[in-house]
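So the structure is just underneath, and the comments pick up after that.
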Amino acid sequence: MQGWVPMVEVTRDPFVESLHLGAAAVAGPEGLRDAWGDAERTILPRSAIKMIQALPLLTSGAADAAGLGPEHLALACASHQGAERHTRRVADWLAGLGLGESDLRCGPQMPSDRAAREALIRAGTPPTQLHNNCSGKHAGMLTLARHIGAGPEYHLPDHPVQAACREVFEDLTGAPSPGYGIDGCALPNYAGRLDGIAQAMAWFATAHRREDAQSRAGARLVEAMMAHPDLVAGEGRACTELMRAAPGAFVVKTGAEGVFTAILPAQGVGIALKIADGAGRAADCAIAALLVRLGVLEAEDPAAVARIEAPIHNRRGDTVGHVRPAAALRA
């Protein structure tokens, strides 16, 4: 476990029962500002960098040509719950392109939204690709593929859409990617260094200060995610609740296997973190602790408390411990 440091601990009464190790990087326009663990570690950022993957949708002119608004852009960056508010908007988006659910390449997924999941179970209906948490990102890539006249298999690594995504990922992270893994939604997910990913988030954090076309596109994505936190994730999710707790102060985006990123425009700061064992509870706790440490989230806010002092209950409902930041992350 070389290069990982304790980031989140799980207590039971007076004892630290479990420990989640990880690494994190905080970057500004000038480069790395702070780090925990090995900031040069290469990771698969998973869904935490969907805003990077969405950039070619705007810089190509495809978004404007298709008449996409902030809700569409938020969904292009989303890992949503598969709730009706999500699936209806993606379905309408595809219909506006003359396309449908079968044109997606993300695969079906049972929605994590309880109402949507139970409705499918009652009806005896299987989930569709619209319920996939990445269907908004895929709708964006379909929009780009149509705009540039590329083929329908936009998910393949050698497709022009994925080539565009890789190019902008390497540009913003400042280094060639050593390769990719195939994500849960069938897309290539390019690996990068933790500090480079934090630097990419700092680029988004300062995009509103610049006037070039790519920076304007980045600023639009940040604004869309801030304006629609309910579309970026969903009810009860850390991304949505933390952004609602401090409207306009930051963007946060989770990724599978314990990854989180954050964009702080007022400070011009980007954050990237990875929990070694991939635990979501630890990633939620760590990102909330870093937001409090950087002064953009009130420690007393219920959304922060729910992550920074997440209670552990026994079968009677008694609180017997907590999930909390390790000493190094405490403000």
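Some points to look at:
- What the Cα atoms of segment 1-127 give is an Rg and a Dmax of 20.5, 60 Å.
- Gyration tensor (alpha-carbon) shape descriptor, segment 194-262, a/c threshold 1.5: oblate
- Legend: calculated FRET efficiency, Ser102 to Glu167, from the Cβ-Cβ distance at R0 = 41 Å, rounded to 0.05, equals 0.90.
- The packing ranking, built from the mean of other Cβ atoms within 10 Å per residue, places the peptides 223-232, 55-64, 159-168, 11-20 in the order 223-232, 55-64, 159-168, 11-20, highest first.
- Label-to-label distance, Arg122 versus Ile148, with points set 7 angstrom from Cα along the beta-carbon direction: 4.4 nm.
- Cβ-Cβ FRET estimate between Glu17 and Glu40, R0 fixed at 35 Å, reported to 0.05: 0.70
- Under-5 Å amide H pairs with Val269, H placed in peptide plane, nonlocal only: Leu264
- Taking the Cα centre of segment 179-331 as origin and assigning +1 to Lys and Arg Cβ atoms and -1 to Asp and Glu Cβ atoms, the resulting dipole is close to 180 debye.
- Separation of alpha-carbon centers, segment 197-259 and segment 6-80, rounded to whole Å: 9
- Calculated log₁₀ intensity ratio I(q)/I(0) where the Debye formula runs over C-alpha points of segment 134-263, q = 0.17, 0.19 Å⁻¹: -1.07, -1.34
- Once C-alpha pairs closer than 8 Å and six or more residues apart are averaged by separation and normalised to the residue number of the chain, the relative contact order reads 24 percent.
- Kirkwood-Stokes translational diffusion coefficient of segment 277-329, alpha-carbon pairs, 20 °C, 1.002 mPa s, µm²/s: 185
- Alpha-carbon Rg with Dmax, taken over segment 222-331, Å: 13.7, 46
- Ordering of 191-203, 256-268 by burial proxy (mean other Cβ atoms within 10 Å per residue, highest first): 191-203, 256-268
We did not get these values from a lab; they are worked out from the coordinates using the rules stated. Note that the coordinates shown come from a computational prediction; the quantities given were computed from them, not determined experimentally. Backbone-built Cβ (ideal geometry, glycine too); neighbour counts: all protein chains shown.
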